[in-house]
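Asker: Can you keep this structure in mind? I'll have questions shortly.
The values are calculated or read from the model by the stated rules, or taken from the named source; none is laboratory data. Only a predicted model underlies this, so the values are computations on that prediction, with no experimental measurement involved. Glycine also receives a Cβ, built like all others from the backbone with ideal geometry; neighbour counts cover every protein chain displayed. Quick note on the areas: whole protein, heavy atoms, side chains included, nothing else; ligands and nucleic acids left out. Shrake-Rupley method; radii C 1.70, N 1.55, O 1.52, S 1.80 Å.
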Amino acid sequence: SPDVTGPSCPTESLVLQLLAQVLLEGDTVTLRCRGWQDATVTGVWSYHADKDLGTPLCETNLSLSPLQLHHNGCFHCRGWVSSGTSPCWEKSVPVTVTVTVYGDCE
């Protein structure tokens, strides 16, 4: 409804979620590739800075552990999305990962 306020819903049928807000070096971080409105997603491929991270995942989660500085940058996923309409190959909008490093305490 145009009278409703708040964040708009994504129009993409594939979304990459970053399940953490503060990203510290050494942590475990999970990126979740999921279909909009819980559409089924299969054959998920993950990318970092447009570089393929390997074979398709059976799961829709990508774990970065331990988180390191080289994980900084944009990630996106691609997958086969099956929803009420005909299935199709989709690409998510990129998500930026920024790793924070804290120095030694004096």
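Asker: How far apart, in nm, are two points set 7 Å out from the Cα along the Cα-to-Cβ line at L24 and at Y102?
Answerer: Between L24 and Y102, the label points sit 0.4 nm apart.
Asker: How much FRET efficiency would the formula 1/(1 + (r/R0)^6) give for W89 and S65, where r is the Cβ-Cβ distance and R0 is 30 Å, rounded to 0.05?
Answerer: The value I calculate is 0.60.
Asker: Suppose all protein chains stay in the model; what accessible area per residue would a 1.4 Å probe give for region 14-97, in Å²?
Answerer: Dividing the accessible area of region 14-97 by its residue count gives 59 Å².
Asker: Could I ask something else about it? Using 0.36 nm per residue, how much length does the chain from D38 to D50 gain when fully extended, once their Cα-Cα distance is taken away?
Answerer: Fully extending the segment from D38 to D50 adds 1.8 nm.
Asker: In whole percent, how big is the carbon plus sulfur part of the accessible area of region 14-97, probe 1.4 Å, protein atoms only?
Answerer: For region 14-97, the apolar C and S fraction of the accessible surface comes to 52 percent.
Asker: First select every other residue whose beta carbon is under 9 angstrom from the beta carbon of T60; then total the charges, Lys and Arg +1, Asp and Glu -1.
Answerer: Values: positive: R32, R34; negative: E59.
Value of the local net charge: +1.
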